[in-house]
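Notes to accompany the following structure.
The values are calculated or read from the model by the stated rules, or taken from the named source; none is laboratory data. Bear in mind the structure is a predicted one, so any value in this text is a computation, not a measurement. Methodologically, a virtual Cβ is constructed for each residue, glycine included, from the backbone with ideal geometry; neighbour enumeration extends over all protein chains shown.
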């Protein structure tokens with residue numbers, strides 16, 4: 001089905017959305033003050049080797065050291081064992097096996113300099129993850145100068161086309177390095193493949209020269225801006241047009257398309273509508289939905305999405321949906337509807353890592369299989385690689401989704417400065433009882449008055465709901481208790497001060 005690539009560009013932020021019938025298929029957001037690093041290439045210096053973790057920390061010229069895992073190190077004497085099953089090759093390269101890989105202490109040492117590429121942005125407290133296996137994406141090909149591998153994107157299904165592309169790449173490629181034909185490369189001719197190869201190999205030589213010239217750690221090659229990455233990676237034959245709301249960005253994209261995809265440049269247009277472009281396409285509303293914890297389903301059911309440090313948990317509930325026939329029928333309909341929304345929300349929110357799906361428990365195994373099959377079909381539309389395990393007897397599904405950058409929530413939000421990211425605060429009753437216990441600790445002090453500094457709402461609660469307990473404490477302690485309101489206090493904060 002035809003889709004549209006919508007680009008909203010301002011001096012401080014650029015947003016790229018792939019939209020089909022008002023549904024967001026992919027969303028990229030980049031802000032000038034905190035641009036992503038994925039794809040950038042650095043000259044790094046190893047500052048610490050950790051044999052126990054088979055990893056090392058590398059200074060790449062940023063505030064935080066990057067993390068290099070042993071499986072991402074290319075030994076000069078070690079050729080590496082690569083999976084040649086092309087059906088398992090994605091747009092980023094083949095999978096690496098580590099059975100015969102040397103330990104990290106035999107590969108690198110502190111003070112050693114390396115050419116590295118950022119594979120994953122820094123997330124939370126973790127630094128960026130880097131690799132020495134460089135990959136340079138073009139429009140139709142990905143060049144991997146450090147490996148000897150020819151692969152075809154697993155999304156190209158025709159065996160005949162896969163064979164043609166592999167033979168063409170084999171006949172044209174240089175003696176060193178390997179190539180992956182991207183999904184966008186399906187159907188391209190020999191001339192286009194050769195043009196891409198020449199550009200990428202020339203770029204690799206420039207990167208090597210920059211590495212040699214650079215003194216100390218720092219950037220050697222920077223990835224394209226998000227609007228150009230979006231056009232390069234998302235502008236396929238299924239996209240009927242690219243619509244851009246900023247004249248300068250429009251001119252920049254047209255120039256890029258003229259160089260790398262001339263047959264598609266006529267489909268790039270400048271937005272001239274009165275309303276903001278993301279409002280006009282309904283994208284702004286979808287982003288707002290994607291920042292909420294609860295997402296309602298059309299039937300009246302809903303899903304709850306919670307992002308933790310190590311995983312994402314998604315819970316499915318029937319909510320207001322009561323069904324028409326029986327409980328099992330109501331449950332299966334809710335679960336199937338939730339499957340589509342879950343797959344959609346994972347894409348829009350860019351959730352990655354381990355994901356736990358808690359579907360409503362189904363009695364029939366056939367229904368569990370039906371929901372699992374529907375989930376895999378929906379996730380097959382996702383550009384990010386996913387892996388789904390079988391459903392447990394409790395209705396839980398464990399899955400993973402490849403993560404390269406922060407999720408939408410982490411990128412656009414920050415922890416609540418009031419609850420400190422917990423998502424909850426103590427109840428007024430709990431705080432009052434903590435105050436009472438603190439007052440009881442004052443009973444051995446030779447004082448006549450105790451002043452309690454509290455938030456105004458807690459003072460009101462003590463006077464209204466807990467007055468009897470206050471009077472009981474005054475009598476048992478033999479002291480006057482005075483409440484003093486402090487509007488600047490956090491609601492959980494209080495101070496108990498005894499005075500003679």
- Message: Please pick out the residue among 329, 315 that is outside any loop (DSSP other than H, G, I, E, B), in the same structural domain as residue 366 (by TED's automatic domain parsing) and in contact with a strand residue (DSSP E or B) (Cβ under 6 Å, 6 or more places away or on another chain).
- Response: 315
- Item | Test set (1) assigned to a helix (DSSP H, G or I); (2) touching a helix residue (DSSP H, G or I) at 6+ places or on another chain (Cβ under 6 Å); (3) closer than 13 Å to residue 395 by Cβ - residue 348 fails condition number | (3)
- Can you find a residue in the stretch 259-273 that is without any contact (Cβ under 8 Å) to a residue 24 or more places away in the chain and assigned to a loop (DSSP other than H, G, I, E, B)? yes
- Task: Please find, within the stretch 143-162, the residue that is modelled with the highest pLDDT out of those that are part of a loop (DSSP other than H, G, I, E, B) and more than 24 Å from residue 379 (Cα to Cα).
- Result: 145
- Residue pairs qualifying under the 6 Å Cβ cut-off, at least six apart or on distinct chains, with the first in the stretch 364-380 being under 23 Å from residue 155 (Cα atoms) and the second being at pLDDT below 90 and not in a helix (DSSP H, G or I), are 372/391
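Residue by residue, here is whether (1) more than 30 Å from residue 12 (Cα to Cα); (2) under 25 Å from the mean Cα position of the chain (by Cα); (3) at pLDDT 90 or above holds:
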| residue | (1), (2), (3) |
| --- | --- |
| 181 | yes, yes, yes |
| 203 | no, no, yes |
| 210 | no, no, yes |
| 234 | no, yes, no |
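Conditions (1) in contact with a strand residue (DSSP E or B) (Cβ under 7 Å, 6 or more places away or on another chain); (2) loosely packed, with under 13 Cβ neighbours inside 10 Å; (3) over 27 Å from residue 35 (Cα atoms), marked per residue:
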position	(1), (2), (3)
349	no, no, no
364	no, yes, yes
370	no, no, yes
373	no, yes, yes
402	no, no, no
411	yes, no, no
417	no, yes, no
424	no, yes, yes
433	no, no, yes
- Single residue of 360, 356, 342 found to be in a strand (DSSP E or B), assigned by TED's automatic domain parsing to the domain that holds residue 308 and within 22 Å of residue 294 (Cα to Cα): 356
- Message: Residues to consider are 314, 355, 331, 277; find the one that is under 21 Å from residue 392 (Cβ atoms), buried (at least 17 other Cβ atoms within 10 Å of the Cβ) and more than 21 Å from the chain's Cα centre (by Cα).
- Response: 331
- Message: With farther than 30 Å from residue 309 by Cβ, surrounded by 14 or more Cβ atoms within 10 Å (Cβ to Cβ), in contact with a helix residue (DSSP H, G or I) (Cβ under 6 Å, 6 or more places away or on another chain) and in the same structural domain as residue 495 (by TED's automatic domain parsing) as the only criterion, which of 474, 466, 442, 438 stands out?
- Response: 466
- Task: Could you check residue 242 against (1) closer than 23 Å to residue 140 by Cβ; (2) modelled with pLDDT of 90 or more; (3) surrounded by fewer than 19 Cβ atoms within 10 Å (Cβ to Cβ); (4) under 27 Å from the mean Cα position of the chain (by Cα) and say which number it fails?
- Result: (3)
- First in the stretch 54-82 and over 12 Å from residue 132 (Cα atoms) and assigned by TED's automatic domain parsing to the domain that holds residue 214, second anywhere and at pLDDT below 90 and surrounded by fewer than 17 Cβ atoms within 10 Å (Cβ to Cβ), Cβ under 7 Å, 6 or more apart: 54/103; 78/102; 80/96; 81/97; 81/100; 82/96
- Message: With the structure loaded, tell me whether residue 298 is assigned by TED's automatic domain parsing to the domain that holds residue 384, exposed (fewer than 14 other Cβ atoms within 10 Å of the Cβ) and in contact with a helix residue (DSSP H, G or I) (Cβ under 9 Å, 6 or more places away or on another chain) or whether it fails that test.
- Response: yes
- Message: Return the residues of the stretch 177-202 that are surrounded by 15 or more Cβ atoms within 10 Å (Cβ to Cβ), outside any loop (DSSP other than H, G, I, E, B) and out of contact with any strand residue (DSSP E or B) (no Cβ under 6 Å at 6 or more places or on another chain); say none if nothing qualifies.
- Response: 183, 184, 185, 192, 193, 194, 195, 197, 199, 201
- Report the residue count in the stretch 49-61 for those that are surrounded by 19 or more Cβ atoms within 10 Å (Cβ to Cβ) and part of a loop (DSSP other than H, G, I, E, B). 1
- Query: Which of the residues belonging to the stretch 1-21 are closer than 26 Å to residue 240 by Cβ, surrounded by fewer than 21 Cβ atoms within 10 Å (Cβ to Cβ) and touching a helix residue (DSSP H, G or I) at 6+ places or on another chain (Cβ under 8 Å)?
  - Reply: 13
